[in-house]
Amino acid sequence: MTKKENIEKFLKTVKDDSGNWLEEARYRRKNRAWLRKSQRIAIRVLSTLRERGMQQKELAEQLNVSPQQVSKIVKGKENLTLETISKLEQVLDITLFEVPEYHTEIEVPANPPQSLNVTDRETTRFKANMKWSKLQKQQWNQSESTEEPFQKAS
Amino acid sequence: MDIVRIISGVNNLLSVFNEDEEMSEFRLLFKNWYDIEYLTNFFESNKSDLDVLTIDEAVEQTVEDADRLEESLLSVAESDTEQLQSLFKPLFPSEYRLTTYQREKAYGTVRRSWLRVYAIRINPNLYVVTGGAIKMTQKMQDRPHTQKQLKRLAQVRDYLHEFGFTENDIESLRAE
């Protein structure tokens, strides 16, 4: 038999795989950004458990979830909710996820140059904005105090 | 031994089927290389091969390497599976023959991935993936998990002989 015939004979015995790698790989490519975060969280959680000699079962109990749920978390394949991440942080007393706080920096020169020219009109606009904010705050406080308390369902 | 198509309807890229895990060895590789718990346990057991890296760093590095390798395979699979020869290289004799032992450093300016996909090439467009490994030592004989891969390569070669292929018809390869 020629090699070509051997190949034909061999290919006749070949079946399809039980799953679809192409789909799985495309899923991983499409979701790479959050999967990477989930993997890093899993690394951190496992590392903390290792350091403390803590079992996954204990973590499940403290989180009040099933051991299967913890098993999924430590595989790094779960799209975790903020609630789950916060619970993990609380129970393990670690930081897993941090959103930078919003800061506005205003640079005030020690000696404003003449060219800066902060006009009276700008000062007036600033004062007017402040007044408007105060007014809004007042209205908000009033509406809160006059709001009906929640009614219990009868 | 069962051999399956990794991509339905495509005969270029095949794999040995793992009966216990009920999936191809090829799919199993990526399932494990993205499983943080599996990787952590693996590096715990092979801590002595890590040199300067911590277990956590090794896990993170493996996932990055798996991403790169899977992306290369996916790009070829989506465009032209006949380009598979650009990914698979002959298995270096140094990977399985006894040579001077030299530890590969897992750090440096150009870091070589330690992930390996092993395959047998029947012709330039027909590959059978036999398995893969996280290879952290120079020779495949150095560790039981890579030794197992050598054994598997031999088993698949024997299986292919049953179809009439000779040793000259087939070649052992690796992708990394």
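For chain B, relative contact order (Cα pairs under 8 Å, six or more residues apart, normalised by length) works out to 24 percent. Per residue of peptide B:114-127, the mean number of Cβ atoms on other chains within 10 Å of the residue Cβ is 1. Filter A:Lys77/B:Lys151; A:Lys37/A:Lys75; A:Lys75/B:Lys151; A:Lys15/B:Lys89; A:Lys30/A:Lys87 down to the pairs with a C-alpha to C-alpha distance above 21 Å, please. With Cα atoms farther than 21 Å apart: A:Lys77/B:Lys151; A:Lys75/B:Lys151; A:Lys15/B:Lys89; A:Lys30/A:Lys87. For the listed peptides A:77-90, B:130-143, a ranking on the average number of other beta carbons within 10 Å per residue, highest first, reads B:130-143, A:77-90. Within chain B, the selection of entire DSSP H helices by a Cα span of 30 Å or greater along the long axis and an average Kyte-Doolittle value of at least -0.5 returns B:55-79.
Look at the stretch B:30-39: the mean tally of other chain Cβ atoms within 10 Å of its residues' Cβ atoms is 6. Kirkwood radius, chain B, all distinct C-alpha pairs, inverse of mean reciprocal distance: 16.8 Å.
Counted by Cβ distance under 11 Å from B:Glu57, the other residues give a net charge of -4, where Lys and Arg count +1 and Asp and Glu count -1.
For segment A:58-69, backbone phi angles converted through the Karplus equation (6.51, -1.76, 1.60; θ = phi - 60°) give residue-by-residue couplings of 5, 4, 4, 4, 5, 7, 6, 10, 6, x, 5, 5 Hz, Gly and Pro being listed as x. Partner shielding of A:55-67 amounts to 0, given as the average count of beta-carbon atoms from other chains within 10 Å of each residue beta-carbon.
Summing Lys and Arg as +1 and Asp and Glu as -1 over all other residues whose Cβ lies under 12 Å from the Cβ of B:Gly132 gives a net charge of +3. Annotation: amide H-H contacts under 5 Å for B:Asn18 (H modelled 1.01 Å from N, sequence separation of 5 or more, or interchain): B:Met23, B:Ser24, B:Glu25.
Residues whose amide H lies under 5 Å from that of B:Leu115, counting only those 5 or more places away or on a different chain, are B:Lys135; hydrogens are built 1.01 Å from N in the peptide plane.
Computed from the coordinates by the stated procedures, all read-outs in this text should not be read as laboratory data. Not measured: the values here are computed from a predicted model. Methodologically, a virtual Cβ is constructed for each residue, glycine included, from the backbone with ideal geometry; neighbour enumeration extends over all protein chains shown.
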